[in-house]
Amino acid sequence: MKEKEKNINAEKTFRSGYVSIIGRPNAGKSTLLNTILGQKVSIVTKKPQTTRNRIIGVKTLEDAQIVFMDTPGIHKKLHTKLDEAMMREARDAMQEVDIILFMVEPKSPGAEEKDILDLITGSKKGKSKKVFLFLVINKVDTVRKSKLLPIIQEYAGLFSFDEVIPISALNGDGVDLLLEKLPGCLPEGPMYYPEDLVTDQLERFMVSEIIREKVMETTFEEVPHAVAVEIVRWEEPQGEGGPVRGLVRINADIWVERDSQKGIIIGKGGRMLKEIGQAARLEAEKLLNARVFLELWVKLKKDWRSDTKSISELGF
């Protein structure tokens, strides 16, 4: 019997491909990715436009490997060069993918949703291969089920989606169903990443994002979006075979655009900066599985979000 099972498994087709998660700011794209992977690879805050870079997350199943791309939220008001760079990231993530997840909230489609749908369908035109489009209605735990059907019907009137899946990215409802549907829409292919890899993001980038997340969580108004974080020092004890993971010393610069923002982040007597540092250090230690010595400095780079050179230097 066991030999027969082995033969059946050997005949299984392995599928692999790329899936972009597209939607408005705060639609829950990063939360969905973290829930799918079972760990945090993309920072999440209640503030819009938290995600600035394209984040790769890898889900390896028995018969498939799904490479997800979390993207910046799509919006029309592009005030800075950073906004433009973020929108390029989102648009680029629609190219050369196998599936697009159009993520929306459980309410009637408005002008922004229609514009994003036009952008998605426009990106599919002229492609030699079929790009599957799933409508993923998030936050269904916040509305009565009776309200969902009319919303689904309104979206169905706009486009014939390959799948419509209501979910709650926060508590996981519907996420298993989504994962069941994806492999069948992927082509036969190899395993692009090692089986145990969850993200291709470097630890330095992930720690910088953790620091930025803590800044966003503790500050208000214009401050969060004017912040960038740069890792300037990363040291680990060296042994004969290379780095010995025990204590990681990290120095990071928090860049802001205004003197007033610098004062807010530092806080009276440095209290705010200390709070940010403590929260970031604890999460970094979980990520790195090591003790972390974290030193933060707040520095001024006037109007960096509107300066192409500064945006490039800061990794956007």
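Just to confirm the filter: which trypsin sites (Lys or Arg not before Pro) across the stretch 249-316 are DSSP coil and have at most 16 other Cβ within 10 angstrom of their Cβ?
R258, K302
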What's the center-to-center distance, using Cα atoms, between the stretch 203-222 and the stretch 158-190 in Å?
30
Cα gyration tensor category, rounded, prolate or oblate, for the chain with a/c compared to 1.5:
oblate
Of every Cα-Cα pair in the stretch 85-243, the percent that sits beyond 21 Å:
65
Could you go through the stretch 33-39 in sequence order and give the Karplus-derived ³J(HN,Hα) for each residue, using 6.51 cos²θ - 1.76 cosθ + 1.60 with θ = phi - 60°, rounded to whole Hz, and x for Gly and Pro?
4, 4, 5, 4, 7, x, 7
Once amide H atoms are built 1.01 Å from N in the peptide plane, which residues 5 or more positions from T199, or in another chain, come under 5 Å H to H?
V58
Per DSSP, loop chymotrypsin sites (Phe, Trp or Tyr not before Pro) in the stretch 131-220 with at most 13 further Cβ within 10 Å:
F220
Quick one: net charge around I21, please, counting Lys, Arg +1 and Asp, Glu -1 for every other residue with C-beta under 11 Å from its C-beta.
+1
Helix-derived [θ] at 222 nm for the chain: sum -39500 (n - 2.57) over DSSP H runs of at least 4, divide by residue count, nearest 500?
-10500 deg cm²/dmol
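How many percent of all Cα-Cα pairs in the stretch 203-313 sit more than 23 Å apart? Write down the numbers at each step before the final one.
Details: 1810 of 6105 pairs.
Pairs farther apart than 23 Å: 30 percent.
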Rounded to two decimals, the Debye log10 I(q)/I(0) of the stretch 2-185 (Cα scatterers, no solvent) at q = 0.12, 0.17, 0.18 Å⁻¹ is -0.57, -1.11, -1.24
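Read-outs throughout are calculated quantities, based only on the coordinates presented, and are distinct from any laboratory measurement. Here the structure is a predicted model, which means the values were calculated and not measured. Because the Cβ atoms are built from the backbone with ideal geometry, glycine has one as well, and the counts that use them run over all protein chains shown.
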